[in-house]
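Here the structure is laid out as structure tokens; the discussion comes afterwards.
The values are calculated or read from the model by the stated rules, or taken from the named source; none is laboratory data. The model shown is predicted, which means the values in this text are computed figures rather than measured ones. Here the Cβ is made from the backbone with ideal geometry for all residues, glycine too, and neighbour counts use every protein chain on show. The area values use the complete protein model at the heavy-atom level, side chains included, leaving out ligands, DNA and RNA. Shrake-Rupley method; radii C 1.70, N 1.55, O 1.52, S 1.80 Å.
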Amino acid sequence: MFRLSLRRLLSFSPTSGGSYTMQSVRGLQAPRKLEGKVALVTASTDGIGLAIARRLAQDGAKVLVSSRKQQNVDKTVQELKMEGLDVEGTVCHVGKNEDRVKLVNTAIQKFGGVDILVSNAAVNPFFGNVLDSTEEVWEKILDVNVKATFLLVKLVVPKMQERGRLSPPPANSILGRRLGPYCVSKTALLGLTKVLAPELRSLNIRVNCLAPGVIRTRFGAIIWENESILDQAKHQLGISRIGEPEECAGAVSFLCSPDASYITGETLVVAGGGQSHL
């Protein structure tokens, strides 16, 4: 299976916790839905990325987490291993070609291949009127949010073919359209999903996108930490509360699983019923 994530997938109650290992009527454990799969998750030491990495591992995948800082990678790997999950980690700045190559090669060295790519990394160094943005802002946002996702896909597709079972996603935001250049980069990911899906279908690779709403993460703190801004966002979107990272992670696990084998080229909105206008 193949996935381009915009930033989260499948739904699972953050209060339910635990793994989804199933029991048969005879009391025998059934294989978890991602058993035997290898997943790469970028920007996965915090927020939605961390929740996705944890959920994929709980559902049976071997997961390679990554971040720009070694200390964050080490902390996350230790935390997840203490939970009994099969994870490794590596430093990766997705805007750097050498780091993208190292990410894929590390997955092959540690786990023997790649089945799932969740391209979760994104930046937004600018807030304000789009006409006030600079060329440097546009270059940084498009390099990390769009170009790096495409180049990662290009790297992993041959490795997925070798495994014979493929599935990645890109990460997006329904609020992206309100944030100038960031909005444009997220709209581009929607287009990338639509373009890649038919091209990769013959390779048995699925490409889908996740579009989260207002989620309680450090990245989105500018919205949910300010009561007046949060109230305005909830009113505009028609939602009663903000979401939790785990509610995105479940969606991703679903899109990467056999349960979603007939879904490709789609964008799954995880926004509490808010109007996405995608």
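General observations
- Filtered residues of region 74-93 (kept if under 18 Å from the mean Cα position of the chain (by Cα) and either modelled with pLDDT under 95 or within 19 Å of Asp59 (Cα to Cα) (or both)): Thr76, Val77, Leu80, Val87, Glu88, Gly89
- Against the numbered list (1) within 30 Å of Lys154 (Cβ to Cβ); (2) part of a helix (DSSP H, G or I); (3) in contact with a helix residue (DSSP H, G or I) (Cβ under 8 Å, 6 or more places away or on another chain); (4) not hydroxyl-bearing (Ser, Thr, Tyr), Ile205 comes up short only at (2).
- Taking region 33-57 as the range and being charged (D, E, K, R) and not in a helix (DSSP H, G or I) as the test, the residues that pass are Lys33, Glu35, Lys37, Asp46.
- Meets criteria (crowded, with 19+ Cβ neighbours inside 10 Å, assigned to a loop (DSSP other than H, G, I, E, B), modelled with pLDDT of 95 or more and more than 16 Å from the chain's Cα centre (by Cα)) for Gly60: yes
- Filtered by the rule that a residue be of a type outside the set (Val, Ile, Thr) and either over 20 Å from the mean Cα position of the chain (by Cα) or open to solvent by less than 20 Å² (accessible area, probe 1.4 Å) (or both), region 180-199 gives Gly180, Pro181, Tyr182, Ser185, Lys186, Leu189, Leu196, Ala197, Pro198, Glu199.
- If you check Asp143, Asp99 for being open to solvent by 20 Å² or more (accessible area, probe 1.4 Å), part of a helix (DSSP H, G or I) and closer than 20 Å to Leu50 by Cα, only one passes: Asp99.
- Checked against (1) at pLDDT 95 or above; (2) of a type outside the set (A, V, I, L, M); (3) open to solvent by 50 Å² or more (accessible area, probe 1.4 Å); (4) under 30 Å from Leu190 (Cβ atoms), Lys33 passes all but a single condition, namely (1).
- Segments classed as helices (runs of 4 or more DSSP H), wholly inside region 221-260, with at least 3 members that are within 20 Å of the chain's Cα centre (by Cα) and either without any contact (Cβ under 8 Å) to a residue 12 or more places away in the chain or at negative phi (or both): 245-255
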